[in-house]
Amino acid sequence: GTIMLIHGFSGSTFSWRKNIDTLCSSGFNVLVPDVPPFGFSSKDGNSNYSVTANSEKLWKLADSLYPNSEWILAGHSMGATVAGAMAGMNPERVKKLVLIDGVFKGIETTNHFSIMGWLISSSPIKRWAEIIATKKFYNHSKFSELLESAYSGKPDSVDVEGYLAPFKMKRMASAIFEMSYSKEVRAVSMKQIHCPI
């Protein structure tokens, strides 16, 4: 079949590096995208990074590479929410939904004004976020600590550099701020999902 592996918050295609070969050798077509704004996806400052906006982008990618395919969607953590939204948007296209250490309870749209969203969307806040993140967080030792807490063991330098590399891209911190106030483009309910989960 055709399977899409959707990483979690702060992950990237690198997160699935130990699964891809096994799935391919088992006969699967495997698609492993970087979910915007993470990994090496573009961070242009004009994108909507909400769950449903990203779900629509991933469906467009899937259709361009494997048109008319039925999908197995596997999502980890935040990626499980994206996979669930994708399954609700196109239930007839999803064979199975795999939620790994994540959950999908549905998505609601919001149209209300948020003071916090307005504040964090300001250019000075985003400029400071870039400076602080670059100096304090986007380095080998900090990422080693973060991964050690996630792995429950010491990561090797390949793991640390693999997760760190996308964070060195310009505008990464700003894009994460933009993600926090991106508005959902549509509502998706659990009732719309018909495949085994």
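The values are calculated or read from the model by the stated rules, or taken from the named source; none is laboratory data. As the structure is a computational prediction, the values presented were derived from the model and not from experiment. Every residue, glycine as well, gets a Cβ built from its backbone with ideal geometry; the counts of neighbours run over all protein chains shown. The protein model used for the area step is the full one, side chains on, heavy atoms only, and it has no ligands, DNA or RNA in it. Shrake-Rupley method; radii C 1.70, N 1.55, O 1.52, S 1.80 Å.
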Inset, instruction - Scan the range 45-55 and give yes if some residue there is more than 18 Å from V188 (Cβ to Cβ), free of Cβ contacts under 8 Å to residues at least 40 places away in the same chain and either of a type in the set (V, I, T) or surrounded by fewer than 17 Cβ atoms within 10 Å (Cβ to Cβ) (or both), otherwise no. - result: yes
Inset, instruction - Tell me which residues, restricted to the range 98-140, are assigned to a helix (DSSP H, G or I), modelled with pLDDT under 70 and surrounded by 10 or more Cβ atoms within 10 Å (Cβ to Cβ). - result: G117, W118, L119, I120
Inset, instruction - Write out, first by first residue and then by second, each pair whose Cβ atoms fall under 7 Å of each other, whose residues are 6+ apart or on separate chains, and whose first residue, in the range 135-156, is in contact (Cβ under 8 Å) with a residue 60 or more places away in the chain while the second is surrounded by 11 or more Cβ atoms within 10 Å (Cβ to Cβ) and among the basic types (K, R). - result: none
Inset, instruction - Evaluate the range 92-111: report whether one residue or more is polar (S, T, N, Q) and in contact with a strand residue (DSSP E or B) (Cβ under 9 Å, 6 or more places away or on another chain). - result: no
Inset, instruction - Report, by residue number, each residue of the range 150-166 that is open to solvent by less than 30 Å² (accessible area, probe 1.4 Å) and under 14 Å from S10 (Cα atoms). - result: D159, V160, G162, L164, P166
Inset, instruction - Can you give me the number of residues within the range 81-97 that are assigned to a helix (DSSP H, G or I) and under 14 Å from I6 (Cα atoms)? - result: 7
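Considering only residues that are of a type in the set (V, I, T), part of a helix (DSSP H, G or I) and open to solvent by 70 Å² or more (accessible area, probe 1.4 Å), which ones fall in the range 167-197?
Matches in the range 167-197: none.
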Inset, instruction - Could you please let me know if E184 is at pLDDT 85 or above and of a type in the set (D, E)? - result: yes
Inset, instruction - Look through F38, F9, F28 and report the one residue that is surrounded by fewer than 21 Cβ atoms within 10 Å (Cβ to Cβ), under 11 Å from the mean Cα position of the chain (by Cα) and among the aromatic types (F, W, Y). - result: F9
Inset, instruction - Could you check L147 against (1) assigned to a helix (DSSP H, G or I); (2) of a type outside the set (D, E); (3) more than 18 Å from G11 (Cβ to Cβ) and say which number it fails? - result: (3)
Inset, instruction - Can you run down the residue pairs with Cβ atoms below 8 Å, 6 or more apart or on separate chains, where the first is in the range 62-79 and over 11 Å from T2 (Cα atoms) and touching a residue at least 12 places away in the same chain (Cβ under 8 Å) and the partner is outside any strand (DSSP E or B) and open to solvent by 60 Å² or more (accessible area, probe 1.4 Å)? - result: H76/D101; S77/F9; S77/D101; M78/F9
